[in-house]
Amino acid sequence: MYWKPFRGVSPLEVISHRVIWSLLLLGILVFAFREGAEVRSLLRNGKRLGVLFLTASLLSVNWGLFIYAVGIGQVVQSSLGYFLNPLVSIVLAFVFLRERLTGWQVAAVILAAAGAAHFGWHIGTVPWIAIGIALSFALYGLLRKIVAVSPLVGLLVETALMTPAALGLIAFFAARGQAGFGSELSLTLLFLGAGVVTTLPLLWFNKAAKLLRLSTLGFLQFLTPTLQLLVGVCVFHEPFSHRAAVSFALIWSGIGLYLLTLWKSPDNAVPVPTSD
């Protein structure tokens, strides 16, 4: 809902301002929490910087696809992307982190996958926006889980790595007289608030990625597309048929089953954190 008023503004300009104002806010937080020593240590570690360059790139792709989807009235398809994202996260956790699933958890994944597949079939075309959103954020979550850096410092470095490109794009749009920033007061205030709207959810996500199993985090992420779907249908009045409702029911049945297995075995939900 926050990004809908940016319709008509280039997604590249919106992303650029998300980066700039997020960097400013994160810099203030790093200073307030006195984490400058970790920043300096990270800047001397080429391997970790390389991983954060990859995560910054994945984050840029994810932001761009999502804002583009909102701008062209495809909030429902973006919700499909975030429905697929947890499934991809669970597969990545199984392949790369050797996280094992119980039989009931496998059944939950199959239910959710069936719902997501039915939803994609209902759209009637290859949902490339949804696929891009799912892959980019699932890979981002995997890499942020395994890189040894705190959520705050890691996000600061990611935004700093994106800043040169962001400044260049802002200058480009300003030079061509196509900048949305400064065109009207309400839109400019939304640009300024983009740092808070962007930074806080990502900090919480990265903290959760350190504390939870990636597969558990993946299933909890079904809350996001559910809310997006409701906004797309109930607020923006995008089409939603009975067939789409079947997809929704399958996905939530899978979520409920998975959460039930966690309730039966609470020690399976939150292991000892590997870092931070």
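The values are calculated or read from the model by the stated rules, or taken from the named source; none is laboratory data. Small disclaimer: the values here were computed from a predicted structure and weren't measured. Reconstructed Cβ throughout: ideal geometry from the backbone, glycine too, with neighbour counts over all protein chains shown.
Testing ALA56 on (1) buried (at least 20 other Cβ atoms within 10 Å of the Cβ); (2) modelled with pLDDT of 90 or more; (3) within 14 Å of ALA194 (Cα to Cα), one condition comes back false. Which one is that?
Evaluating ALA56 over (1) buried (at least 20 other Cβ atoms within 10 Å of the Cβ); (2) modelled with pLDDT of 90 or more; (3) within 14 Å of ALA194 (Cα to Cα) leaves (3) as the failure.
Tally up the residues in region 193-239 that are in contact with an Asp or Glu (Cβ under 6 Å, 6 or more places away or on another chain) and at pLDDT 80 or above, please.
Looking only at that region, the number is 1.
Within region 149-172, can one find any residue that is in contact (Cβ under 8 Å) with a residue 12 or more places away in the chain and under 19 Å from LEU220 (Cα atoms)?
Among the residues of region 149-172, at least one is in contact (Cβ under 8 Å) with a residue 12 or more places away in the chain and under 19 Å from LEU220 (Cα atoms), which makes the answer yes.
For (1) over 26 Å from SER22 (Cβ atoms); (2) buried (at least 23 other Cβ atoms within 10 Å of the Cβ), each residue gets a yes or a no:
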| position | (1), (2) |
| --- | --- |
| ALA93 | yes, yes |
| ARG98 | yes, no |
| ALA134 | no, yes |
| GLY141 | no, yes |
| GLY154 | no, yes |
| GLU158 | no, yes |
| GLY180 | no, no |
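Considering region 173-210 alone, what residues qualify as being without any contact (Cβ under 8 Å) to a residue 40 or more places away in the chain, within 18 Å of LEU12 (Cβ to Cβ) and outside any loop (DSSP other than H, G, I, E, B)?
ALA174, ALA175, THR188
How about region 180-216: which of its residues are over 28 Å from VAL109 (Cβ atoms) and small (Gly, Ala, Ser)?
Residues satisfying the conditions are GLY180, GLY182, SER183, SER186, GLY193, ALA194, GLY195.
I need the full set of residues from region 212-245 which are more than 17 Å from the chain's Cα centre (by Cα) and surrounded by fewer than 16 Cβ atoms within 10 Å (Cβ to Cβ), in order please.
Within region 212-245, LEU230, CYS234, VAL235, PHE236, HIS237, PRO239, SER241, HIS242, ARG243, ALA245 qualify.
Going by what's in this entry, would THR125 be described as modelled with pLDDT of 90 or more and among the hydroxyl-bearing types (Ser, Thr, Tyr)?
no
I need the full set of residues from region 1-44 which are assigned to a helix (DSSP H, G or I), buried (at least 18 other Cβ atoms within 10 Å of the Cβ) and among the small types (Gly, Ala, Ser), in order please.
Correct list: SER16, SER22.
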